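Participant: Starting off with a structure, shown below.
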Amino acid sequence: MIRPKSLCAGSLVGLACVLAACAHSPPRATKSAPEPAAVALEAIVPAPAEVAPATTRSAVRIDATTRLYACGDEATAVAQYFVELVQRTRGFAFTVACPEKKPATGIRLVFDEGRDALDGWYRLKADSGLVEIHSGSRSGLFYGAVSLWQLLTAQTGDASAVYVAAGEITDWPRYPWRGLMLDSARHYQSPAFIKKLIDAMALHKLNTLHWHLTDDQGWRIEIKKYPRLTEIGAWRVPPGPAAAKDIDPETGKPRRYGGYYTQDEIRDIVAYAAQRHITIVPEIDMPGHAQAAIAAYPQLGTGERPGVSTDWGIHTYLLNVEESTFTFIENVLDEVVTLFPSPYIHIGGDEAVKDRWKASKRVQARRRQLGLADEAALQSWFVARLATLLEKHGRKLIGWDEILEGGRLPASASVMSWRGTAGAIEAARAGHDVVLSPAPDLYLDNLQSDAGDEPSGRPSLVTLESLYRFEPTPAELDAEQAKHVRGAQANVWVEHMRTTARVEHAVFPRLAALAEVNWAPRERRDWPGFLARLPAQLARYRALDLAYAESAFLPRASVNAAAAEVDSVDITLSNQANFGELRYTLDGSEPAATSPIYTTALRLRTGTPLRVATFVGSERLTRSTAVATDGAALRRRSSSELKPCRDNGLLLRLEDDAPTTGERPFYSVDIFDACWIWPQAELATTTALEIDVGSVPYNFQLWRDAKNVVLRKPATASGELEIRRGRCGGKPWLRLPLKPALGNAERTTLRAELPSRGKGSAAAEDLCFVFTRPDTRTLWVVDQVRLVP
Ligand code: ACM
């Protein structure tokens, strides 16, 4: 395996090397047990701006008896946060005191009013028994404490003391907007979860939570003046037969799904975030993504009465442009600004397809009356009015990059670039501040690996490494224009994240990469160095009870029949980040630090119980995975192992809608052309095919792309699974009626005995699997195919 570049030469393992300051060993212990190595000041995430070499060799010992000193409100507040955090995650119970004179030993937090108050700047100095953190800004003192917490948790295990290497960190952020967007509209998350996420963001030195609170599928913020927004707009019945059968005993009707945040809850969350130096920027998406609002108050729309949407994708309902609608918006924003002190309010502005504005006589009359050439100009006029409204409240407008269209964007407005970086470049050149949150690079709803154990998500791979390598300031901007780049933001759209565990899987550890992108000076960004700091970061996630993804590190296996040897398989192992060592066992036991390290392809007897885990030195980094090596493993493929028929399809990983409680399976499917190929399936020794099929609701609004969906005509009323040999375009070889699967919300196994293929047929042929669909609201999917000998 490739090992990350060592931060200090000569060490045996990357992890121990990075975490140990080789040059500054702790004082000799008098006890017989060896003392742990000192923690290097570089061992934090995000990487600090500067680390000065120490002038002494005396690491500072921190243990449960260490005294913590802070005076004044600012430093005491940070100290109390630090005490709680360290207690919770490292077990040391410090108490806080204000000393009469400067202490000689311990930890000291100092708020230096009048000192360099650059937001986020701090200095952490460890020497001669004392760790001191100074800052002239509250956020800086807080970040200094977060860095010290990281130093105290940089070594796994629970040794009774930590030695912090002598030296000095001087640190400040590269960008002022270090953001994460959470979509609470598509799925509602509890206030407790929002706080958990805020806590974790703060520990990554992120400072902006962009909270997507309204959309077609839900309105989640209580507005006192318009109670129907949450009485109606916050609830929906999920699509599909499983949800329709899930009857709420209280109402006798299908259970409603949703929720909203009361104003009290929001105030509490905003205050909680502020204590952690996080600003919450609320988003009220307008004029599109407004179907839930229109469901609650149809007079806001263009004449229709839609329900709250249960679909994903591009919806066509827009707010209208009547004065009464601006009164509504004004009243909503009045309440929004009293809840959120953020200088920015996000007004959305994205994906407002104009069909209904075009078709509405009233909207067209208003457009002409305003002397506006087209609907883009009308949206621009709409956005400019919102900017004026917000200015009256002393707030600034920010919106998705569509707000650039139509030519009327006020100079004070900021632009969030999501359709790649073009919007950021155009906006910065025009003098607008910009935040980079381009798809797919920073969209955390994209899958982080193509392995079959990933939960649901969108298709573009956004790996830990690809995110780490994202550069927020586009190279196209000159130095003056680049000053408008305020930072980068990752977006967590949650269509495919039904649970908060799913959100955590999507966010961590990619948030650590985002943190470093936003914080560390560009020249300090170093992928191998980042990887070397990750095992400790993952241990922190475990201490914080965050269900992080192991996607970058989990061992992956490729199993093939051994050429010219019966009853044997060849196995290659790897992990995505190419990090650590893969240790394996062949007797079913858990791999240990003493298990052999994988170096080259293994040839094993079929059926050997191979188990693999990733280690870094003697520390296990991942859970272990069992690799199936039996003959049957070679004769089955799951949907993620089959090939989609189109190379550039929209291959989603979708979750089944059944069962209503408990784990549900995931399927990889191109929602434009649900078609899978098993290239060169071994048919000479196959007598039958077994195919597990499932179905999911087809709840995608594809707007103009809907015409590109491939629909195949059924031969019978209930539709069929068709299997073709060779090309997908030819005549079906086998047609399996879906009838046995109808009405079964879970998976059904269909079986076909193979007819003779004729003399001279190749031993292996491509098999192509498609469904004919009698009903466009159901998407049939292949879960697994087995070649039965
Ligand atoms: C977006 O992803 N529609 C901003």
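The values are calculated or read from the model by the stated rules, or taken from the named source; none is laboratory data. Please read these numbers as outputs of a predicted model, since none were measured by experiment. Cβ: placed from backbone, ideal geometry, glycine included. Neighbour counts: every protein chain shown. Ligands, DNA and RNA are excluded from the accessible area calculation, which covers all protein heavy atoms including side chains. Shrake-Rupley method; radii C 1.70, N 1.55, O 1.52, S 1.80 Å.
Participant: On a C-alpha basis, how far is the centre of region 418-456 from the centre of region 730-789 in Å? Whole number, if you could?
Facilitator: A separation of 38 Å, based on Cα centres.
Participant: Listed highest first by mean packing, meaning other Cβ atoms within 10 Å per residue, what order do 485-498, 353-366 come in?
Facilitator: Going from most to least packed, we get 485-498, 353-366.
Participant: Would you calculate the separation in nanometres between label points at Ser574 and Leu634, each defined as 7 Å from the Cα along the Cα-to-beta-carbon direction?
Facilitator: 2.2
Participant: Using mean Cβ contacts within 10 Å as the protection proxy, how do 307-320, 576-589 order, highest first?
Facilitator: Output ranking for 307-320, 576-589: 307-320, 576-589.
Participant: Taking the C-alpha atoms of region 353-411, how large are the radius of gyration and the largest Cα-Cα span, Dmax, in Å?
Facilitator: In Å, with Rg to one decimal and Dmax whole: 12.2, 36.
Participant: Working out 0.36 nm times the residue gap between Ala684 and Glu590, then minus their Cα-Cα distance, what length gain in nm do you get to one decimal?
Facilitator: 30.1 nm
Participant: Please compute the Kirkwood hydrodynamic radius over region 116-259, one decimal place, Å, based on all pairs of different Cα atoms. Intermediate values should be presented prior to the final figure.
Facilitator: Values: mean 1/r = 0.0522 Å⁻¹.
About 19.2 Å for region 116-259.
Participant: Once a ≥ b ≥ c are taken as the square roots of the eigenvalues of the Cα gyration tensor of region 204-329, is the result rounded (a/c under 1.5), prolate (a/b larger than b/c) or oblate (a/b not larger than b/c)?
Facilitator: oblate
Participant: Counting pairs of Cα atoms in the chain, how many percent are more than 33 Å apart?
Facilitator: The share of Cα pairs beyond 33 Å in the chain comes to 59 percent.
Participant: OK, next. Starting from the Cα-Cα distance between Arg646 and Arg67, subtract it from 0.36 nm times their residue separation and give me the gain in nm to one decimal.
Facilitator: Residue separation times 0.36 nm, minus the Cα-Cα distance, leaves 202.1 nm.
Participant: Under a 1.4 angstrom probe, counting protein chains only, how are Glu304, Glu753 ranked by accessible area, largest first?
Facilitator: Glu753, Glu304
Participant: Gap in Å between the Cα centre of region 201-233 and the Cα centre of region 468-484?
Facilitator: 30
Participant: Would you mind working out the magnitude of the charge dipole of the chain relative to its Cα centre, with +1 at each Lys and Arg C-beta and -1 at each Asp and Glu C-beta, to the nearest 20 Debye?
Facilitator: Here the size comes out at about 780 debye.
Participant: State whether region 617-696 is rounded, prolate or oblate according to the following rule on the C-alpha gyration tensor (a ≥ b ≥ c being the square roots of its eigenvalues): a/c under 1.5 gives rounded; otherwise a/b larger than b/c gives prolate, and the remaining case gives oblate.
Facilitator: oblate
Participant: In units of 2.2 N^0.38 Å, what is the alpha-carbon radius of gyration of region 291-335?
Facilitator: In units of the 2.2 N^0.38 Å rule of thumb, it is 1.18.
Participant: Set the Förster distance to 35 Å, then compute FRET efficiency between Glu304 and Asp334 from the Cβ-Cβ distance, nearest 0.05. Mind dumping the intermediate values first?
Facilitator: Values: r = 27 Å, r/R0 = 0.78.
It comes to 0.80.
Participant: Provide the packing ranking of 403-415, 264-276, i.e. peptides ordered by the mean count of other C-beta atoms within 10 Å per residue, highest first.
Facilitator: With the highest mean Cβ count within 10 Å placed first, the list reads 403-415, 264-276.
Participant: Which value, in Å², gives the accessible area per residue of the chain when a 1.4 Å probe is used on the protein heavy atoms?
Facilitator: Value for the chain: 40 Å² per residue.
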